[in-house]
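Visitor: This is the structure, below, for whatever I ask next.
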Amino acid sequence: MTIAISCKEEDGYKQYIIPYIHKESTFSEHERNLVAIMLNTIFSNPRNKKILQNAKFDLKFLYGEGIKFVNVWDTKLMSHFIREDAPKSLMDLVKQYFPEYLKEF
């Protein structure tokens, strides 16, 4: 399980990749426990919004590790409310709402 986090800062956005339980992770069990504490502090804070794509899939694994979330927004679910018959994959949503960012890749 690799966790990617992006957050807004004064000078733009910062991205973090955490190889939490990954075959190439070098975290010891103690370090993994410290990461879980840090993630719980971030994800259980109701003042910041957590935006996930298909949240129920990711959250079942994170809940299994004891990592809890509040104030979760699911882009797949939100897109269903807007137009239930439209495709809802992350790429479909990016193409629809943020096509200018695809030119960068």
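Visitor: Quick check on Lys60: is it modelled with pLDDT of 90 or more and among the basic types (Lys, Arg)? Let's see the steps before the verdict.
Guide: Working: modelled with pLDDT of 90 or more: yes; among the basic types (Lys, Arg): yes.
So Lys60 passes the test.
Visitor: Checking Ile42 against (1) within 17 Å of Ile5 (Cα to Cα); (2) open to solvent by 40 Å² or more (accessible area, probe 1.4 Å); (3) free of Cβ contacts under 8 Å to residues at least 24 places away in the same chain: exactly one of these is not met. Which one?
Guide: Going through (1) within 17 Å of Ile5 (Cα to Cα); (2) open to solvent by 40 Å² or more (accessible area, probe 1.4 Å); (3) free of Cβ contacts under 8 Å to residues at least 24 places away in the same chain one by one, Ile42 breaks only (3).
Visitor: Leu93 is checked against (1) in contact with a helix residue (DSSP H, G or I) (Cβ under 9 Å, 6 or more places away or on another chain); (2) touching a residue at least 40 places away in the same chain (Cβ under 8 Å); (3) open to solvent by 70 Å² or more (accessible area, probe 1.4 Å) and fails just one. What number does that condition carry?
Guide: Condition not satisfied by Leu93: (3).
Visitor: Could you go through segment 13-25 and let me know if any residue there is modelled with pLDDT of 90 or more, part of a helix (DSSP H, G or I) and not acidic (Asp, Glu).
Guide: no
Visitor: Confirm whether Pro87 is exposed (fewer than 12 other Cβ atoms within 10 Å of the Cβ), in a loop (DSSP other than H, G, I, E, B) and modelled with pLDDT of 90 or more. Write out each step before concluding.
Guide: Values: exposed (fewer than 12 other Cβ atoms within 10 Å of the Cβ): yes; in a loop (DSSP other than H, G, I, E, B): yes; modelled with pLDDT of 90 or more: no.
It is false that Pro87 is exposed (fewer than 12 other Cβ atoms within 10 Å of the Cβ), in a loop (DSSP other than H, G, I, E, B) and modelled with pLDDT of 90 or more.
Visitor: Go through segment 90-105 and report how many residues are among the aromatic types (Phe, Trp, Tyr) and part of a loop (DSSP other than H, G, I, E, B). Before the answer, list the steps.
Guide: Let us first name the residues in segment 90-105 that are among the aromatic types (Phe, Trp, Tyr), namely 97-98, 101, 105.
Within this subset, residues satisfying the condition of being part of a loop (DSSP other than H, G, I, E, B) are 98, 105.
Selection size over segment 90-105: 2.
The values are calculated or read from the model by the stated rules, or taken from the named source; none is laboratory data. Small disclaimer: the values here were computed from a predicted structure and weren't measured. Reconstructed Cβ throughout: ideal geometry from the backbone, glycine too, with neighbour counts over all protein chains shown. These area figures cover heavy atoms from the full protein model, side chains too; ligands, DNA and RNA do not enter into them. Shrake-Rupley method; radii C 1.70, N 1.55, O 1.52, S 1.80 Å.
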